[in-house]
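Shown next, in structure tokens, is the structure this report addresses.
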Amino acid sequence: MFAASTSPAQASARTTLSSPVSDSLLSATGVHKRFGGVHALRGVDLTIRRGEVHSLVGANGSGKSTLLNILSGQVSPDAGTITFDGAEIRLGDTARALAAGIATVTQETTLVPELSVAENILLGPRKVRRWSGIDWRATRRRALETWELLGAEYSVDDQVSDLPPDQQQLVEIARAISMNARLLLLDEPTSSLTETEVESLFELVRSLKSRGLTTIFVSHRMNELFALADRITILRDGRTVEAGEIADYDAERIIERMVGGVPTAAAAGGVASAADEAAPVLRVRNLSVPGHVRDASLAVAAGQSVGLAGLTGSGRAELLDAVFGVRRPDGGTVELDGVELRPGQISESIGRGLAYVPGDRKNAGLVLGMTVTENLMMATTSGSLRLSSPARTRERVEARTLAREFGIVAASPDVACATLSGGNQQKVVLAKWMCSSPRILLLDEPTRGVDIGAKREIYRLLAEARARGIGILVSSSETEELLALCDRILVMFRGEIVASLDTAEATEADLAHFAMGGR
Amino acid sequence: MTGVAEAQAQAEPLARRGARLRNWSANNQFVGVLGLLVCLFVAFSFIEPRFFSAANMRVMLTGVGILWMISLGLTVVMLTGGFDLSLGSMLGLSGFVFVGFYVKLGLPALLALVLTVIVGAILGGAINGFLIGKVGLPFLVVTIGTLSLFQGITFLVSNGQTTSLTSSLLDTIGFGTKLGVPVTVWIMIGTLIVMMFVLRRTYFGRDVYATGGNPKAARLAGVNVTRTLIAAYAIAGGLVALAGVLQNAFISAASPAGGGTIIFDATAAVLLGGTVLGGGVGGVGGTVVGVLFLGVLQNGLSLAGLASAWQQVISGVIVILAVLSQQLQRQRRRA
């Protein structure tokens with residue numbers, strides 16, 4: 001099944017087993033990558049041994065995903081050498097990586113949901129052919145060989161869309177194996193799986209390992225690293241910090257290397273103490289969103305700033321959606337000044353004083369075809385009688401004032417937002433929400449994709465808002481940002497708020513500790 | 001606007017007017033077609049002496065009356081990013097809804113007209129609008145279904161027979177004049193003004209543009225997207241019902257064959273007028289330019305004695321060219 005047992009390169013490698021080079025399947029040295037002004041990788045070294053499960057560990061922005069993208073051929077490196085199976089290879093497109101024997105299973109599925117499992121395993125030109133076209137029986141037989149090997153519950157004839165997420169992932173793994181992959185890259189494979197599904201995936205990876213397959217496994221969850229990995233490589237700021245046997249590490253040491261600090265006593269802080277504070281403006285009780293958020297409770301007082309930390313997919317964004325009312329919860333309540341908000345009644349929530357700056361501002365922030373004025377006034381007037389007329393002169397004056405206040409550069413308040421630069425569009429989104437005179441401002445990733453100047457401007461505006469008594473609930477994947485902006489930080493893990501930390505005492509290491517599932 | 005604002009303060013009136021004009025032409029992409037319309041108009045006036053006469057203008061304008069109403073309704077729907085294929089068959093059905101109120105129930109003609117418009121709005125809003133806006137079904141699927149549904153009901157209630165109608169109100173609507181202008185044209189102008197006001201001067205109009213432009217952002221800003229969609233299809237239904245009564249007036253009868261392929265002409269008119277498939281851009285002002293363009297073209301070509309097959313070929317080519325030039329204009333503006 002695995003090409004490793006038959007390839008001549010492998011055979012020659014085996015004869016020199018005593019040399020240290022031979023037991024490494026892949027090694028990368030001095031890899032650099034720049035994206036415009038961002039130096040994502042600044043000299044990464046990585047050695048993967050044959051037949052091991054190797055984990056890449058690093059915080060957001062450590063360069064982990066860039067490295068994975070280089071190995072899977074989606075991105076070509078600017079500098080550095082990559083040796084695979086004893087020979088230097090040039091990656092740069094996915095087909096070449098696949099041909100070399102490197103297959104990737106990412107978080108986003110690459111399956112065609114309408115097709116059968118067999119067709120997905122042998123997707124594209126890889127079906128068995130004969131003179132009259134595709135030999136479906138032979139194709140099915142070949143798919144079955146791989147599929148049965150994985151011990152799957154479903155038939156190869158089932159449609160992929162009928163499979164649960166873990167089984168779909170199995171199809172992707174089966175495809176990789178059927179392509180004679182010798183190195184499997186699993187990028188956060190467990191993020192959408194339940195505990196038992198994770199366990200059976202681990203079983204599978206172990207059994208593949210016993211057959212000689214090498215795996216690179218990325219996960220942010222500490223317990224998963226210890227359960228599965230043989231060795232780890234820790235990245236920070238685009239550089240390799242160190243690599244070693246997992247047995248030599250404990251959670252504390254991994255976090256220390258990842259963020260360059262140790263978890264402190266604040267990590268002992270209890271859960272949900274924020275909810276006990278006196279007279280909060282916003283109070284969320286036991287809010288649940290199916291599949292995303294479980295039993296979240298929190299409170300935000302006037303002028304207070306509360307942060308939501310956690311990995312991508314931990315439920316931060318979904319919690320904000322549910323608080324604002326755009327995502328229907330299946331339990332729990334949201335109260336503003338003690339009055340319960342009705343989910344889905346967004347203009348009512350806005351009228352009561354809730355504002356939401358979404359994370360996906362490029363797609364969900366503005367109606368680009370409409371004018372600056374119309375966009376600025378949209379939220380404020382969403383409760384007005386629909387057949388009444390806007391006072392356009394007054395609106396224009398207000399728009400000019402807001403533009404001055406927020407530093408929006410536009411030719412006139414009557415130009416379409418599409419004519420504005422990206423940074424100015426971001427400011428329009430913020431201005432739109434600030435002029436609805438909110439009492440609570442919800443923000444998701446407030447500085448994602450903005451330059452350093454705009455970032456500073458946004459921080460200044462948030463500080464002003466707080467000074468005016470506006471409560472802030474902000475979700476961010478940048479821990480430094482949360483530590484700078486917030487009084488209190490709630491950490492989410494797998495949809496639950498697992499910790500509530502006082503910013504005065506908390507460190508980046510503490511946040512990482514809880515975000516990765518530490519207790 | 002900060003840094004620019006001071007510099008602008010001096011040059012304000014002229015610069016601002018320039019910006020407004022540019023902005024106006026960006027938002028009103030029918031200016032190209034308007035120019036074409038004027039050229040066509042002048043050309044026909046020279047080629048064909050009968051073209052530029054009061055009588056012919058009356059014929060031409062009332063001739064596009066039905067298309068005018070349907071196109072206005074379709075514009076609102078298309079601005080929300082949708083489409084309504086059922087408008088053609090709803091035209092035929094509305095004719096018989098009027099017959100039901102006027103002939104069967106013996107209600108006064110004016111009341112029957114108002115009730116017909118209300119029924120049209122309910123059919124559009126409660127069936128198309130509800131299924132698309134509330135249930136979230138794709139608009140093409142829904143309106144293909146209702147296209148067939150309305151057509152079937154029309155044949156059931158009419159038994160496939162034309163019902164002749166006599167009513168002084170219908171005669172006035174169809175053939176009367178006020179101040180030398182046909183009543184039909186007054187109704188067309190009135191409808192246009194109301195629709196322009198609703199779309200450009202009310203919060204609802206903004207909701208329509210926001211829903212078509214970016215439904216996600218609109219929803220987050222508190223715009224009730226569902227309600228906006230239901231209302232848009234209801235407005236289209238109401239306007240088509242009015243067109244149905246107009247058709248009754250023109251032929252002094254209700255015919256089950258009414259409707260037909262007029263939805264394609266309406267689509268051409270709306271696209272010519274600069275409203276885009278996908279929504280958020282355009283408006284009823286452009287649509288009527290598109291309607292008049294099609295009307296002048298057809299009228300002029302048939303006065304020139306061209307066979308109707310050639311008329312169709314020429315209109316088809318011109319519509320494609322006009323929409324193509326708009327597309328290019330848009331791309332250039334973006335670049």
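Assorted remarks:
- Shape analysis of the stretch B:219-335 places it in the oblate category; the axes a ≥ b ≥ c from the Cα gyration tensor give an a/c of at least 1.5, with a/b not above b/c.
- For the protein assembly as shown, the dipole from Cβ point charges (+1 on Lys and Arg, -1 on Asp and Glu) about the Cα centre works out to 3040 debye, to the nearest 20.
- Between the stretch A:455-519 and the stretch B:140-178, the alpha-carbon center distance in angstrom: 64
- Summing charges over neighbours of A:Tyr249, with a neighbour being any other residue whose Cβ is under 11 Å away from its Cβ, gives -3 when K and R count +1 and D and E count -1.
- Working note: Debye formula, equal point scatterers on the alpha-carbon atoms of the stretch A:439-482, no solvent; log10 I(q)/I(0) at q = 0.15, 0.18, 0.23, 0.27 Å⁻¹ is -0.36, -0.51, -0.82, -1.07.
- Gaussian network model of chain B, springs between alpha carbon atoms under 10 Å - residue of B:Val42, B:Val208, B:Val225 with greatest fluctuation: B:Val42
- Rounded to the nearest 20, the size of the Cβ-charge dipole of the stretch A:367-437 about its Cα centre is 80 debye, with Lys and Arg at +1 and Asp and Glu at -1.
- Pairs of C-alpha atoms in the protein assembly as shown farther apart than 40 Å represent 53 percent of all such pairs.
- Cα centroid separation, the stretch A:381-412 to the stretch A:112-175 (Å): 56
- For A:Ala499, the residues 5 or more places off, or on other chains, whose built amide H falls under 5 Å of its own are A:Val491.
- For the stretch B:122-135, 3J(HN,Hα) computed residue by residue from phi via the Karplus equation (6.51, -1.76, 1.60; θ = phi - 60°) reads 5, 4, x, x, 7, 9, 4, x, 5, 5, 7, x, 8, 6 Hz, glycine and proline entered as x.
- Residues B:Trp186, A:Trp136, B:Trp68, A:Trp131 arranged by fewest to most Cβ contacts within 10 Å: A:Trp131, A:Trp136, B:Trp186, B:Trp68
- Choice from B:Ile118, B:Ile70, B:Ile235 with maximal GNM fluctuation in chain B (Cα, 10 Å cutoff): B:Ile118
- The mean sequence distance of close C-alpha pairs (under 8 Å, at least 6 residues apart), as a share of the length of chain B, puts its relative contact order at 33 percent.
- For the stretch A:367-437, the square roots a ≥ b ≥ c of the C-alpha gyration tensor eigenvalues yield an a/c of 1.5 or more together with a/b exceeding b/c, which makes the shape prolate.
- Measuring r between the beta carbons of A:Glu505 and A:Asp337 and using R0 = 41 Å, the FRET efficiency lands at 0.85.
- Taking every C-alpha pair closer than 8 Å and separated by at least 6 residues, the mean separation divided by the residue count of chain A gives a relative contact order of 16 percent.
- Whether chain B is rounded, prolate or oblate, judged on the alpha carbon gyration tensor where a/c under 1.5 counts as rounded: oblate
- Percent RCO, i.e. relative contact order, over the stretch B:115-202, from Cα pairs under 8 Å lying at least 6 residues apart: 11
- Computed from phi, the 3J(HN,Hα) profile of the stretch B:166-177 under the Karplus parametrisation 6.51, -1.76, 1.60 (θ = phi - 60°) reads 10, 7, 5, 4, 4, 4, 4, 4, x, 10, x, 10 Hz, with x in place of Gly and Pro.
- Taking GluC sites (Glu not before Pro) in DSSP loop states with no more than 13 other Cβ atoms inside 10 Å as exposed sites, chain A has its longest site-free stretch at A:278-504.
- Cα-Cα over 30 Å, subset of A:Lys362/B:Lys134; A:Lys455/B:Lys216; B:Lys104/B:Lys134; A:Lys427/B:Lys134; A:Lys64/A:Lys432; A:Lys455/B:Lys134: B:Lys104/B:Lys134; A:Lys427/B:Lys134; A:Lys64/A:Lys432; A:Lys455/B:Lys134
- Amide proton proximity set for A:Gly80, modelled H, under 5 Å, gap of 5+: A:His32
Read-outs: derived from the displayed coordinates by stated rules, not from any lab. What you are looking at is a predicted structure, and each value in this text was computed from that prediction instead of being measured. Virtual Cβ from ideal backbone geometry, glycine too; neighbours counted across all protein chains shown.
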